[in-house]
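The structure appears right after this line, and notes come after that.
The values are calculated or read from the model by the stated rules, or taken from the named source; none is laboratory data. Everything numeric here is computed off the predicted structure, so don't read it as measured data. Every residue, glycine among them, receives a Cβ derived from its backbone with ideal geometry; neighbour counts consider all protein chains shown. Just so you know, the surface numbers come from the protein's heavy atoms only, side chains and all, with ligands and any DNA or RNA stripped out. Shrake-Rupley method; radii C 1.70, N 1.55, O 1.52, S 1.80 Å.
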Amino acid sequence: MNKEFKLPDVGEGLTEADIVSWHVKPGDTIQINQVIVEIETAKAVVELPSPYAGTVTALLAAEGETVDVGRPIIAVEVPGADTGPGPAPAQPAVTEAATADPDAGEVAETAQPARRAVLVGYGAKPGATTRRPRKSPSTRPASYPATPTTPSTSIGADPQGGRPPGANRALAKPPVRRLARDLGVDLAVLAGSGPEGSVTREDVQRAAGETTVRSGYESAVAGDGGPAVAAAAGPSGTEERIPVRGVRKHSAFTAPHVTEFLQVDVTETMAAVRRARDLPEFAGVKVSPLLFVAKALLVAVGRHPMINSTWDDAAQEIVVKHYVNLGIAVAAERGLLVPNVKGAGSMPLARLARALDELAATARAGKATPADLSGGTITITNVGVFGVDAGTPILSPAEAAILAFGQVRDAPWVYQGELAVRKVTTLSLSFDHRIVDGELGSAVLRDVGSMLEDPVRMLAWS
């Protein structure tokens, strides 16, 4: 008899979930309690086990599809099945989603191998619970593109967290796992550079930069339907589209605005500004601290690409832009204008200085064109020129972040263990919390501050 398994309410009172990845395909033989699919709700990633033993005849929902609770998601041919309920599947396994504490470590493995958790009202069939080795993306059905999965801590699972013998479970914090899932990076193949070999945000972003076009996104560029995360040509690089799912979906109609502040000792940057003014490469160009702030932000964008994104509400996608059109807020006679330097991320410092100088002069003269004012991806506003220490900059339309640069002033500062008078400024970073979480925003602001404290870091990190 052909039976259909309907998407259950996994105990959170939610009405829908996204299909993250299928672990089976039509024609596979499955057992009761075998994990068949991972779904993502607004709160968690959940592994669903099968309530039936038999042969998969059809997958009724594609990876990436949003499914209402109660809708059939898989059909199974069950030999000799009757109409009464059989043994129920083991309780779904849960993985912390985007709301996890950024400082939290690994989800603790608390299950005992012999424990057999079942849904209320059913008994467990002895010996029925098995775990299928997860298939690699290349062995899944061509109609359902591979989607990276988050390792889960199973209730009543084997001590290895449900992975097949010999498989290595990557050590990474929940926010890093979510970033890997968003960018299409398989944590299992990364060599972590963090403590005890843990995978860091930087490891994931570096891997994503290396594989954006070469691997996971090749089919999207070729136009064959491709995976859920697609790359598309941009003005001077690529754009990455990440479907809005789970926790992020519940923020789709608002733009939560968050600002963080950081005081920075910029004495070394001010010295670098003076030295740059004497170099022949900068002859005839105005060299100001803003140039070094801009360069530091561009380097930080390269290290944290998600900060250079936009929210596509119509498509329900986050567009990660692998090119930087750097906006600079300019006070002109007709009001505040934000022209942008196209392709700023690939410019050497002297060329960037000239581009900023020319753009500001054009805007102040009232000659900025619509092309100059459109297409920005991230912005800097220099509130220091007005004698202001800090502010809460407002996001430019369709951008995920804006950096405010306060005035540079003499201030008491502990330097090398002693109290001294140093050149100090305040940086303010505002960001769209639908796209950028506190950990990422803090990492970007911290990186910019570190490079302004020691400009040599710009060379080391770029």
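Within the stretch 329-340, how many residues are surrounded by fewer than 16 Cβ atoms within 10 Å (Cβ to Cβ) and not charged (D, E, K, R)? I'd like the intermediate steps shown before the answer.
Our first condition is that a residue be surrounded by fewer than 16 Cβ atoms within 10 Å (Cβ to Cβ); within the stretch 329-340, this holds for 331, 333-336.
Next, only the ones that are not charged (D, E, K, R) stay: 331, 335-336.
Here the count works out to 3.
What is the residue count in the stretch 245-269 for residues that are open to solvent by 40 Å² or more (accessible area, probe 1.4 Å), in a helix (DSSP H, G or I) and either modelled with pLDDT of 90 or more or touching a Phe, Trp or Tyr at 6+ places or on another chain (Cβ under 6 Å) (or both)?
1
Report, by residue number, each residue of the stretch 371-392 that is part of a helix (DSSP H, G or I) and touching a Phe, Trp or Tyr at 6+ places or on another chain (Cβ under 8 Å).
Here is the first cut: in the stretch 371-392, the ones part of a helix (DSSP H, G or I) are 371-373, 383-386.
Scanning the stretch 371-392 gives V383, G384.
One residue is enough: does the stretch 39-49 have a residue meeting the conditions modelled with pLDDT under 90 and among the polar types (S, T, N, Q)?
yes
Give the residues of the stretch 331-370 that are more than 24 Å from A272 (Cα to Cα), in a strand (DSSP E or B) and at pLDDT 85 or above, sorted by residue number.
Answer for the stretch 331-370, where residues must be more than 24 Å from A272 (Cα to Cα), in a strand (DSSP E or B) and at pLDDT 85 or above: just N340.
Have a look at V324, V338, V301, V285 and point out the one that is β-branched (V, I, T), in contact (Cβ under 8 Å) with a residue 60 or more places away in the chain and closer than 28 Å to L440 by Cβ.
Values: V324 fails: in contact (Cβ under 8 Å) with a residue 60 or more places away in the chain; V338 fails: in contact (Cβ under 8 Å) with a residue 60 or more places away in the chain; V285 fails: closer than 28 Å to L440 by Cβ.
Answer to the selection: V301.
So, restricting to strands (runs of 3 or more DSSP E) that lie completely within the stretch 393-462, which ones have at least 1 residues that are in contact with a Lys or Arg (Cβ under 8 Å, 6 or more places away or on another chain) and touching a residue at least 40 places away in the same chain (Cβ under 8 Å)?
Numbers: elements: 401-405, 409-415, 418-432.
Of the strands (runs of 3 or more DSSP E) lying wholly inside the stretch 393-462, those with at least 1 residues that are in contact with a Lys or Arg (Cβ under 8 Å, 6 or more places away or on another chain) and touching a residue at least 40 places away in the same chain (Cβ under 8 Å) span 409-415, 418-432.
Looking at (1) open to solvent by 30 Å² or more (accessible area, probe 1.4 Å); (2) modelled with pLDDT of 90 or more; (3) aliphatic (A, V, I, L, M); (4) closer than 26 Å to E317 by Cβ, find the lone condition where A53 falls short.
(4)
Hey, can you tell me all the residues within the stretch 346-360 that are over 28 Å from the mean Cα position of the chain (by Cα), without any contact (Cβ under 8 Å) to a residue 60 or more places away in the chain and open to solvent by less than 60 Å² (accessible area, probe 1.4 Å)?
A355, L359, A360, listed by residue number.
Can you name the residue in the stretch 281-328 that is assigned to a loop (DSSP other than H, G, I, E, B), under 27 Å from D265 (Cα atoms) and open to solvent by 20 Å² or more (accessible area, probe 1.4 Å) and, of all such residues, is modelled with the lowest pLDDT? Lay out the reasoning, then the answer.
Here is the first cut: in the stretch 281-328, the ones assigned to a loop (DSSP other than H, G, I, E, B) are 283-288, 304, 308, 313-316, 322-325.
Imposing the further condition that a residue be under 27 Å from D265 (Cα atoms) reduces the set to 285-288, 304, 308, 324.
With open to solvent by 20 Å² or more (accessible area, probe 1.4 Å) added as a condition, the list becomes 285-286, 288.
Numbers: V285: 91, K286: 88, S288: 93.
So, considering only residues that are assigned to a loop (DSSP other than H, G, I, E, B), under 27 Å from D265 (Cα atoms) and open to solvent by 20 Å² or more (accessible area, probe 1.4 Å), the one modelled with the lowest pLDDT is K286.
Take the residues of the stretch 65-79 that are open to solvent by 50 Å² or more (accessible area, probe 1.4 Å) and not in a strand (DSSP E or B): which is nearest to I39 (Cα to Cα)?
Within the stretch 65-79, the subset open to solvent by 50 Å² or more (accessible area, probe 1.4 Å) is 65-66, 68-69, 71, 77, 79.
Cutting the leftovers down to not in a strand (DSSP E or B) gives us 65, 69, 71, 79.
Working: E65: 10, V69: 11, R71: 13, P79: 27 Å.
Among them, the one singled out is E65.
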